[in-house]
1. Need the full-extension length gain, residue 67 to residue 86, defined as separation in residues times 0.36 nm minus the C-alpha distance. One decimal, nm.
2. Treat each spin label as a single point 7 Å out from the Cα along the C-beta direction, and report the residue 35 to residue 114 distance in nm.
3. Could you check the simple spin-label distance between residue 95 and residue 78, using points 7 Å along Cα→Cβ, in nm with one decimal?
Amino acid sequence: MHVCSLFIQPLKALHDFTHKLPRFIDDMYPQILPYAWPAASITQTMTIWIVLLVTVDRYIAVCLPLSRHLRSMRRTQLATGVTLVLAVVYNVPLFFEREVKHEHSACVPATIGKTELGANFVYFFVYKTPCVS
């Protein structure tokens, strides 16, 4: 989330306040956004879950110091790998929420719109409300 925000949001804000980057906003921003935010969500989810893993590891280290078999490099690597896979799987639907809409006229810039999935009430109610919010 942070890397994507670091590059995309300042450029968009610069354009919004100064109107100095029309080519970026008109041509590149709509192409990048439908993929950048889901990628950012994956990194954010991964960050949160890694903090949770570190918290559990610290709990085991302090409260169960004689349980060394619970803490090993192999288990840490496995937990990190599983966390990465779960973070990607958890956020895959976000890649299918938005699409770039091109107008037939070359003078009209591309826009970002919701796909059928993104506009679906059941999807919003089941996935977006309890899971992502």
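Throughout, read-outs are computed from the coordinates displayed, never taken from laboratory work. Only a predicted model underlies this, so the values are computations on that prediction, with no experimental measurement involved. So basically every Cβ, Gly included, is an ideal-geometry build from the backbone, and we count neighbours across all protein chains shown.
1. Values: separation 19, 0.36 × 19 = 6.84 nm, distance 2.65 nm.
That works out to 4.2 nm of additional length.
2. With each label placed 7 Å out from Cα toward Cβ, I get 2.4 nm.
3. Once both label points are built, they end up 2.7 nm from each other.
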